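Below you'll find the structure I mean.
The values are calculated or read from the model by the stated rules, or taken from the named source; none is laboratory data. Quick caveat: nothing in here was measured; it's all calculated off a predicted structure. Cβ: placed from backbone, ideal geometry, glycine included. Neighbour counts: every protein chain shown. Areas reflect the complete protein model, heavy atoms only, side chains present, ligands, DNA and RNA absent. Shrake-Rupley method; radii C 1.70, N 1.55, O 1.52, S 1.80 Å.
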Amino acid sequence: IYVRASTEHQNYSTTHQEAALDEYAASHSFSIIKTYCDKGRSGLTLEGRAGLLQLLRDIQSGEAEFKVVLVYDVSRWGRFQDVDESAYYEFACRRAGIAVAYCAEPFSNDGSPLATVLKGLKRAMAAEYSRELSAKVFHAQARLTQAGFKQGGTAGFGLRRMAISAAGQPKGILGPGERKNMPSDRVTYVPGSHEEVAVIHRIYDMYLVERMPDVGIVARLNSEGISTGLGRPWSAHLVKQILTNEKYIGTMTFNRGTQRMRTARRSNDPSKWVRREEAFEGIVTRERFDQAVAERKRRRRHWTSDEMLDELRDIMVKHGKVTADLINASDGPAVKSYALRFNGLASAMGLAGVSWPSLSQATITRYRLRCVTREVTAEFVRCAVLAKALIECLTPRTWRLNGVTVRLLCTRCRYERSHPCWKVTVAYEPAVDFVVWVRMDQANTNVARIYLIPLADFPTHQYLWPSNRTLPYYEKYAHPTLAGMFGLT
């Protein structure tokens, strides 16, 4: 016999089904030798229904020691939205010589035309029942949301769930995993502890005043040992929720995403959201929340090069000068964005035709080297893939290519006793066999050479490569094939 119940509180309980199937088996002189059961499982899909899955596996593998499967009715077999899916699973049993009998149905499942028509109708009715029930539940949840009550889910950092009686009186705070004890009760939100509320205000200050990114806020909170209350460290997703979820201003929202009828979850258009403003006491003000939303949109905006240069010109017109602090304080891109886009902030200032910023040359060089490293890394991986090499990434700059460990190193030019030098590190963890050294020119503006260095030649951890090294020793590591990969002669 196979029995299934979606919940424990319904007339279709597994105990009720087993009693009816036992009576049916006795009246037809059947002996029940095995029971397959799915308790608290929806009939919309086969996923998660261990009982039916095991039944089908036993039948298709030939290990079944029975001839008939007894099911209470067609809906217990499943409420599949595609009636052909339900028919397929029954056909899989019949193909293996196992019959399926629906004991509470007014027809005999004997393959007659009447039974076929009635069975198809019953399957369609079972599927339609789920669709109608889903619509009813959705409308009920939407009405309760508009009344200011929460429809399931956790509260989130800085908030607590409060049970409300049918008369509208608070009954108490619900802890994690706790549920309301009366079906007529409702649930709303209330602010959490003062410490958590203070952390939320700090997050808004770091985002809006200090202009920190999400990952920077995460790093600071984790370094200070601030608990999330969830037993895990802070994440960028959690910070984003605090900055973008309207529940922190007291707005109850429902239908942000759709997963009805066991379909894949997808986000809904904001026009379809069900919202109730001022449903409970918020933690941050509407004005501050709107500022955070606007700031996030601004940061996500894709700026063209011309727009970025225009922003620099606007700063010059407004303040009479352009500095790194003024750039970061403006509504345009940050200093780092200019450095990455234009291969240095100084280059961007020159293209915009405004005064030079008070930015050290070392900072400009560091930004430029970061750009070169990123571009060379992408090209290096692309060439390895085109060569069909067996590539394994060990660290962001270390790979194992066909069993050989290679480290990518980009270094800038520095001066020691008025001589230009390049520092080459030759000891790494994990250990590497070769270093692909990308050497900048003496002005640190372009890549000068690329070398392939076997580390067996260098016993020390660091090697300071002077420009006056004898030419044969200096050039013996230069690699023309690697240089050609990157467009260098």
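Select from segment 247-285 the residues that are open to solvent by less than 90 Å² (accessible area, probe 1.4 Å), in contact (Cβ under 8 Å) with a residue 24 or more places away in the chain and either acidic (Asp, Glu) or part of a helix (DSSP H, G or I) (or both) and list them in ascending order.
Lys247, Tyr248, Ile249, Met261
Related question: Tell me, which residue of segment 371-410 that is among the hydrophobic types (A, V, I, L, M, F, W, C), touching a Cys at 6+ places or on another chain (Cβ under 9 Å) and in a helix (DSSP H, G or I) is surrounded by the fewest Cβ atoms within 10 Å (Cβ to Cβ)?
Val381
Now, a different point. Return the residues of segment 216-241 that are among the basic types (Lys, Arg) and either open to solvent by less than 20 Å² (accessible area, probe 1.4 Å) or under 20 Å from Arg160 (Cβ atoms) (or both); say none if nothing qualifies.
Within segment 216-241, Arg232 is the sole residue that qualifies.
Sticking with this one: Scan segment 446-478 for residues that are β-branched (Val, Ile, Thr) and modelled with pLDDT of 80 or more and jot them down.
Listed by number, the residues that qualify are Val447, Ile450, Ile453.
Of the residues Thr244, Thr188, Thr154, Thr145, which single one is open to solvent by 70 Å² or more (accessible area, probe 1.4 Å) and within 23 Å of Phe289 (Cα to Cα)?
Details: Thr244 fails: open to solvent by 70 Å² or more (accessible area, probe 1.4 Å); Thr188 fails: open to solvent by 70 Å² or more (accessible area, probe 1.4 Å); Thr145 fails: open to solvent by 70 Å² or more (accessible area, probe 1.4 Å).
So the residue among Thr244, Thr188, Thr154, Thr145 that is open to solvent by 70 Å² or more (accessible area, probe 1.4 Å) and within 23 Å of Phe289 (Cα to Cα) is Thr154.
Within segment 307-323, take every residue that is outside any helix (DSSP H, G or I) and touching a Leu at 6+ places or on another chain (Cβ under 9 Å) and give me the one that is nearest to Ala352 (Cα to Cα).
Taking segment 307-323 as the starting set, the residues that turn out to be outside any helix (DSSP H, G or I) are 320-323.
Now drop any that are not touching a Leu at 6+ places or on another chain (Cβ under 9 Å), which leaves 322-323.
Values: Val322: 11, Thr323: 13 Å.
Ranking the candidates gives Val322 first.
What number of residues within segment 115-142 are touching a residue at least 40 places away in the same chain (Cβ under 8 Å) and either among the charged types (D, E, K, R) or open to solvent by less than 80 Å² (accessible area, probe 1.4 Å) (or both)?
Result for segment 115-142: 12.
Let me ask something else. Run down Val83, Val117, Val71 and say which single residue is more than 30 Å from Ala264 (Cβ to Cβ) and among the β-branched types (Val, Ile, Thr). Even if it seems obvious, please write down each step before you answer.
Working: Val83 fails: more than 30 Å from Ala264 (Cβ to Cβ); Val71 fails: more than 30 Å from Ala264 (Cβ to Cβ).
Within the list Val83, Val117, Val71, the selection yields Val117.
Residue under question is Asp325, and the condition is that it be over 30 Å from Ser193 (Cα atoms) and modelled with pLDDT of 85 or more; does it hold? Explain how you work it out, then say what you get.
Details: over 30 Å from Ser193 (Cα atoms): yes; modelled with pLDDT of 85 or more: no.
Criteria not met by Asp325.
What about Lys240, is it of a type in the set (Lys, Arg) and either more than 23 Å from Gly148 (Cβ to Cβ) or in contact with a helix residue (DSSP H, G or I) (Cβ under 6 Å, 6 or more places away or on another chain) (or both)?
Details: of a type in the set (Lys, Arg): yes; either more than 23 Å from Gly148 (Cβ to Cβ) or in contact with a helix residue (DSSP H, G or I) (Cβ under 6 Å, 6 or more places away or on another chain) (or both): yes.
So Lys240 passes the test.
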